[in-house]
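Colleague: Before anything else, here's the structure in question.
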Amino acid sequence: MPQVMDADRMSRALTRIAHEILERNRGLDELALVGIRTRGVPLARRIARALKEINGDDVPTGALDITLYRDDLMRHPVGPQPLVRRTEIPFSIDDRKIMLVDDVLYTGRTIRAALDALIDFGRPRVIQLIALVDRGHRELPIKADYVGKNLPTSLKQSVQVRLQEIDGTDEIVIEGEP
Amino acid sequence: MSTRAADRPESAERAPERTPNQDPAAPRLKSRHLLGIAGLDAEEITLILDTAEAMKEIGGRAIKKVPTLRGRTVVNLFFEPSTRTRTSFEIAEKRLSADTLSIATATSSVTKGETLVDTVRNLEAMSPDMIVMRHASSGAPELLARICRSAIINAGDGMHEHPTQALLDAFTIRAHKGRLAGLKVAIVGDLLHSRVFRSNVILLKTMGADVWACGPATLIPPGLERLGARSTTSVDEAVEGADVVMLLRIQHERMQGHYIPSLREYFALFGMTPERVRRAREDVIVMHPGPMNRGVEIDSAVADGPFSVILEQVSNGVAVRMAVLYLLSGWDGRNDEALVEGR
């Protein structure tokens, strides 16, 4: 089970993403971070912390649950539905720059669902995408604006992001035959 | 696991995968119908209440709608008058993007002598996915669940059960108290004719609450102890130190005999007045499933007072019904083996 990122490198990747956000957006005015549940949420909070350390400004963060927007939810109705968790966006997203945060970018279907969900909340000025890992194999025309690590994978492999807040450790591992 | 099921590739090369919802350890509803609270365990009740928390947030958005039940058809079949429950289900269905239609029996062929089973068989021929029904006969939804491919949701059957009302009551209590276990809940009123009472007692006992049932001796159902509730005819004893006081309507329409001497006497002995509420805990909440008879089971000063959560119950009803509709929508009756075999 090869580890492809440890805690130290993860923290540096997130700090680098924070710098890139500042560079591209010329300051933090009107900026907000929205993490996709589950692991996008702690990642969004960490990036907000990194931004505060660099710039001193607080960036609001929110949590988005995309379950009710999934495109595969009703296609195989043969059993119990997946758990729905609370979406918490405690600020207006109208005219804001929204940084959408997810752990692994793969087919792009989660992001499609997240975009639909976000737009039900208002009309952001811009939505940019942050992914800790981009493992390829897109099925929709979606691209990340900020990537922690590009990780070429085969379809048979799975990529596990583990975070201190949820899993008790910070690492990314890749499982299965290449 | 970080690979969300929605994010797995559709490619043919992947090993056959389980559909998104198949984590065997995840909590789930065991039945594809909701006929009553009896039969649900604490884990299933908690799943519904937790899901309702997520649904509640949707009601606070500018666009109060998610695409989840797009293309699903829900029939609301009400054989008894209802404003609150029917409206609540309709709003819940629309917020989940289901196609809905409501049938009130006054305008249906039931008035032309069609039987319940025939009415429903004809509706089923048009392939609805779920049927929400209210009926004056206890057990009517159970009967339909045996012959229907659609999921049946009981919206109140006779004097039997009204599961979504008990769930929204529990949701409201949990929102205020943070828990259900260990709370003293006093339920005062017409217990005998009340399906809300039955569903509530079963739910509250399953979740570990201490339930006190109070009403005139003529309106206390026999066998109450089997449900685990304590009964008393003294409203003061029931309310003393209670965390929750729940009032039930005196149901004139179901009363065939003389259970109480007069409504005025009922109010004098059992009506919830501010003086009686003072015996409960300082942070008591006062509930009523509606419709209220002011001046019979509840004094207006209590109904509109600081402890009343009666209108909150109504708004929570939508979230709880969304949760039930969502959780039951994963099943498809056409693939139900038990049903195909005729059970």
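Please treat every number below as a calculation from the coordinates, not as lab data. Given the structure is predicted, the values throughout are model-derived calculations rather than measurements. With ideal geometry, Cβ positions are generated from the backbone for all residues, glycine too; neighbour counts draw on all protein chains shown.
Colleague: Output the relative contact order of the stretch B:98-201, whole-number percent, from Cα pairs under 8 angstrom with separation of 6+ residues. List each step's numbers first, then the result.
Modeller: Working: 109 pairs, mean separation 21.8, N = 104.
Relative contact order of the stretch B:98-201: 21 percent.
Colleague: Counting only other residues whose beta carbon sits under 13 Å from that of residue A:3, what net charge do I get with K and R as +1, D and E as -1? Provide the component values of the computation, followed by the final result.
Modeller: Working: positive: A:9, A:149, A:162; negative: A:6, A:8, A:170, A:171, A:175.
Charge balance near residue A:3 sits at -2.
Colleague: Quick one: which of B:56/B:184; B:64/B:112; A:52/B:64; A:97/A:156 span more than 28 angstrom between C-alpha atoms?
Modeller: Numbers: B:56/B:184 26 Å; B:64/B:112 39 Å; A:52/B:64 34 Å; A:97/A:156 36 Å.
Over 28 Å Cα-Cα: B:64/B:112; A:52/B:64; A:97/A:156.
Colleague: Rounded to the nearest 0.05, what FRET efficiency do residue A:145 and residue B:142 give with R0 = 56 Å and r taken as the Cβ-Cβ distance? Could you check? Mind dumping the intermediate values first?
Modeller: Working: r = 55 Å, r/R0 = 0.98.
Calculated value: 0.55.
Colleague: When a footprinting reagent is the concern and you count Cβ atoms within 10 Å, what order do A:162, B:134 take, fewest first?
Modeller: Details: A:162 20, B:134 25.
Placing the least packed residue first, the sequence is A:162, B:134.
Colleague: Continuing with this model, one more query. With an 8 Å cut-off on Cα pairs and a minimum separation of 6 or more residues, tell me the relative contact order of chain A in percent.
Modeller: Details: 342 pairs, mean separation 44.4, N = 178.
Value for chain A: 25 percent.
Colleague: Express in whole angstrom the spacing between the alpha-carbon centres of the stretch A:28-77 and the stretch B:282-318.
Modeller: 39 Å
Colleague: From a point 7 Å beyond the Cα of residue B:38 in the direction of its Cβ, which residues of the stretch B:176-193 have a backbone N at a distance under 19 Å?
Modeller: The answer is B:191-193, whose backbone nitrogens lie closer than 19 Å to the label point.
Colleague: Looking only at B:141, B:289, B:261, which one moves most when chain B is put into a Gaussian network model with springs between Cα atoms under 10 Å?
Modeller: In the Gaussian network model the winner is B:261.
Colleague: Another question, if that's okay. Over chain A, what is the percentage of antiparallel beta bridges among all DSSP beta bridges, to the nearest 5?
Modeller: Working: 8 of 29 bridges.
Beta bridges within chain A, antiparallel portion: roughly 30 percent.
Colleague: Between residue B:65 and residue B:176, what is 0.36 nm times their sequence separation minus the Cα-Cα distance? Round to one decimal in nm. Before the final figure, lay out each step's value.
Modeller: Numbers: separation 111, 0.36 × 111 = 39.96 nm, distance 2.60 nm.
Result: 37.4 nm gained on full extension.
Colleague: Residues of A:81-94, mean number of Cβ from any other protein chain within 10 Å of their own Cβ, rounded to a whole number? Mind showing how you got there, number by number?
Modeller: On the way: counts 14, 12, 10, 14, 5, 8, 5, 2, 2, 0, 0, 1, 0, 1.
Mean partner shielding for this stretch: 5.
Colleague: Just add up the charged neighbours of residue B:63: K/R +1, D/E -1, any other residue whose Cβ is under 15 Å from the Cβ of residue B:63. Intermediate values should be presented prior to the final figure.
Modeller: Values: positive: A:123, B:61, B:64, B:65, B:70, B:94, B:95; negative: A:94, A:116, A:120, B:57.
My count for the surroundings of residue B:63 gives +3.
Colleague: Taking other Cβ within 10 Å of each residue's Cβ, how do B:162, B:33, A:137 sort, fewest first? Walk me through the numbers on the way to the answer.
Modeller: On the way: B:162 27, B:33 23, A:137 18.
Lowest count first: A:137, B:33, B:162.
Colleague: What is the sum of charges around residue B:210, taking Lys and Arg as +1, Asp and Glu as -1, for the other residues whose C-beta is under 10 Å from the C-beta of residue B:210? Spell out each step's value before the answer.
Modeller: Working: positive: B:184, B:205, B:230; negative: B:243.
Cβ neighbours under 10 Å give a net charge of +2.
Colleague: Using 7 Å Cα-to-Cβ label points, what is the residue B:263/residue B:46 separation (nm, one decimal)?
Modeller: In this crude spin-label approximation the distance works out to 4.4 nm.
Colleague: Taking only DSSP H segments of four or more residues, each worth -39500 (n - 2.57), what value at 222 nm results for the protein assembly as shown once the sum is divided by all its residues, to the nearest 500 deg cm²/dmol?
Modeller: Working: 16 runs with 167 residues, N = 521.
The helix-only estimate for the protein assembly as shown comes to -9500 deg cm²/dmol at 222 nm.
Colleague: Return the sequence-ordered ³J(HN,Hα) values of the stretch B:204-215 in whole Hz as given by the Karplus equation 6.51 cos²θ - 1.76 cosθ + 1.60 applied to θ = phi - 60°, using x for Gly and Pro.
Modeller: 5, 5, 4, 8, x, 7, 9, 9, 10, 9, 9, x
Colleague: When you look at the Cβ of every residue in A:98-111, what mean number of other chain Cβ atoms sits within 10 Å? Provide the component values of the computation, followed by the final result.
Modeller: Values: counts 0, 0, 0, 0, 3, 3, 4, 1, 7, 8, 1, 7, 6, 2.
Counting Cβ atoms of other protein chains within 10 Å of each residue's Cβ and averaging gives 3.
Colleague: Another one. Which whole-number percent gives the relative contact order of chain B, counting Cα pairs below 8 Å spaced six or more residues apart?
Modeller: Details: 603 pairs, mean separation 63.8, N = 343.
Worked out over chain B, it gives 19 percent.
Colleague: Further, regarding this structure: Taking chain B as a Gaussian network, where each spring joins two C-alpha atoms under 10 Å apart, which residue of B:275, B:237, B:124 fluctuates the most?
Modeller: Fluctuation is largest for B:275.
Colleague: Next question. What fraction of the DSSP beta bridges in the protein assembly as shown is antiparallel, stated in percent and rounded to the nearest 5?
Modeller: Working: 9 of 65 bridges.
The antiparallel proportion sits near 15 percent.
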